[in-house]
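Notes for the one structure printed next.
The values are calculated or read from the model by the stated rules, or taken from the named source; none is laboratory data. Computed from a prediction, not measured in an experiment: that's the story for all the values here. Methodologically, a virtual Cβ is constructed for each residue, glycine included, from the backbone with ideal geometry; neighbour enumeration extends over all protein chains shown. The accessibility values were calculated without ligands, DNA or RNA, using every heavy atom of the protein model including side chains. Shrake-Rupley method; radii C 1.70, N 1.55, O 1.52, S 1.80 Å.
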Amino acid sequence: MADGSCELRPVTIQIGNSELLGELIEHFARSGFATRAVGATEVGVDLPDAPDHEQGKREVGAHLLVWAVLHPEDPGVLVD
């Protein structure tokens, strides 16, 4: 959209340990991402001010790398 606002679909991240889901959600929320648990081991993540879905997905991916450094035992994967 011309005004910079658009409806973006969240990127889904999956982790193996459901006990880390809350921490993963907090990790992204602290950095301004919108998050929503979509299962015991999945979270939908979106960056509301990203100009488009591809940019938002890149930024989620970059931030997931930070998570992976902090949690090498369960680095998470982008599902979509």
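Apart from one condition, Asn17 fits all of (1) modelled with pLDDT of 95 or more; (2) polar (S, T, N, Q); (3) over 20 Å from Asp74 (Cα atoms); the exception is (3).
Yes or no, residue by residue, for (1) touching a Leu at 6+ places or on another chain (Cβ under 8 Å); (2) at pLDDT 95 or above; (3) in a loop (DSSP other than H, G, I, E, B); (4) open to solvent by 40 Å² or more (accessible area, probe 1.4 Å):
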residue: Ser5; (1), (2), (3), (4): no, no, yes, yes
residue: Glu23; (1), (2), (3), (4): no, yes, no, yes
residue: Gly39; (1), (2), (3), (4): no, no, yes, no
residue: Val60; (1), (2), (3), (4): yes, yes, no, no
residue: His63; (1), (2), (3), (4): no, yes, no, no
residue: Ala68; (1), (2), (3), (4): no, yes, no, no
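Quickly run through region 41-56 and pick out the residues that are at pLDDT 95 or above and open to solvent by 30 Å² or more (accessible area, probe 1.4 Å). Let's see the steps before the verdict.
Let us first name the residues in region 41-56 that are at pLDDT 95 or above, namely 41-45.
The answer is Thr41, Glu42.
Evaluating Phe28 against the criteria (1) at pLDDT 95 or above; (2) open to solvent by 60 Å² or more (accessible area, probe 1.4 Å); (3) hydrophobic (A, V, I, L, M, F, W, C) leaves one unmet condition, (2).
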